[in-house]
Amino acid sequence: MQALKAELPDTEVLGVTVLTSLADADTQAMFTCQTEEAVMRFAQVAANANIDGLISSPKEVEMLRAKFGLVLSLNTPAIRPTWAIVPGDDQNPERIMTPEKAIRAGADRIVVGRPIVGAKSPYDAVMRTIDEIAMATS
């Protein structure tokens with residue numbers, strides 16, 4: 001990560017903590033610890049490498065913000081608007097959040113993929129999502 005940042009100093013480099021599809025049993029098997037501990041381990045590695053930010057579940061945003069402040073940008077996938085039902089969703093339901101809740105928790109950016117891409121009208125889905133975002137900033 002340090003080498004990549006050194007090679008691309010003007011590029012925002014983000015590290016991934018724990019995939020949002022994983023549950024505690026998965027992280028226990030893979031990393032021999034609970035999800036929150038694994039997230040914090042990977043976040044500390046990223047901070048030590050002086051990269052720019054993290055991609056992490058919105059559930060961990062408050063914990064990450066408390067530990068790292070504004071040093072790392074926090075980017076959250078697994079955002080599910082209140083109106084979204086994603087058929088076959090592989091995200092761990094305990095680690096997803098609505099746009100409003102993720103922003104209020106301290107996310108710098110949210111990623112809303114499948115609810116928009118899979119919508120009958122992506123435009124309407126975007127507009128409904130923007131309405132939810134506006135609720136967080138009002």
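Nothing in this text is a laboratory measurement; each read-out follows from the coordinates by a stated rule. Predicted, not measured: the structure shown is a model, and the values here were computed from it. Here the Cβ is made from the backbone with ideal geometry for all residues, glycine too, and neighbour counts use every protein chain on show.
What value, in deg cm²/dmol to 500, does the helix sum -39500 (n - 2.57) over DSSP H runs of n ≥ 4 give at 222 nm once divided by the residues of the chain?
-13000 deg cm²/dmol
Could you list which residues have their amide H under 5 Å from that of residue 110, counting only those 5 or more apart in sequence or on another chain, with H placed in the peptide plane?
Distant-sequence amide H within range of residue 110: 76.
For the chain, modelled as a Gaussian network with Cα springs under 10 Å, which listed residue fluctuates most, 42, 68, 31?
Most flexible of the set in this elastic network: 31.
Report the FRET efficiency, 1/(1 + (r/R0)^6), for residue 71 and residue 29, where r is their Cβ-Cβ distance and R0 is 25 Å, rounded to 0.05.
About 0.25, to the nearest 0.05.
When averaged across all projection directions, what area in nm² does the alpha-carbon convex hull of the stretch 27-86 cover?
5.1 nm²
Aspartates and glutamates near residue 5 by alpha-carbon distance under 16 Å, same-chain residues fewer than 8 away left out - which ones?
52
Convert each backbone phi in the stretch 126-138 into a coupling constant with the Karplus relation 6.51 cos²θ - 1.76 cosθ + 1.60 (shift: θ = phi - 60°), then list the ³J(HN,Hα) values in order as whole Hz, x for Gly and Pro.
4, 5, 5, 5, 4, 4, 5, 4, 4, 5, 6, 9, 9
Tabulate in residue order the Karplus-calculated ³J(HN,Hα) for the stretch 65-72, using 6.51 cos²θ - 1.76 cosθ + 1.60 with θ = phi - 60°, rounded to whole Hz; enter x for Gly and Pro.
Calculated HN-Hα couplings, in order: 5, 5, 7, 10, x, 9, 5, 10 Hz.
Provide the per-residue ³J(HN,Hα) series for the stretch 96-108, in order, calculated from phi with Karplus coefficients 6.51, -1.76, 1.60 and θ = phi - 60°, each as a whole number of Hz, with x at glycine and proline positions.
Working through the residues one at a time gives 9, 7, 6, x, 4, 5, 5, 5, 4, 6, x, 5, 7 Hz.
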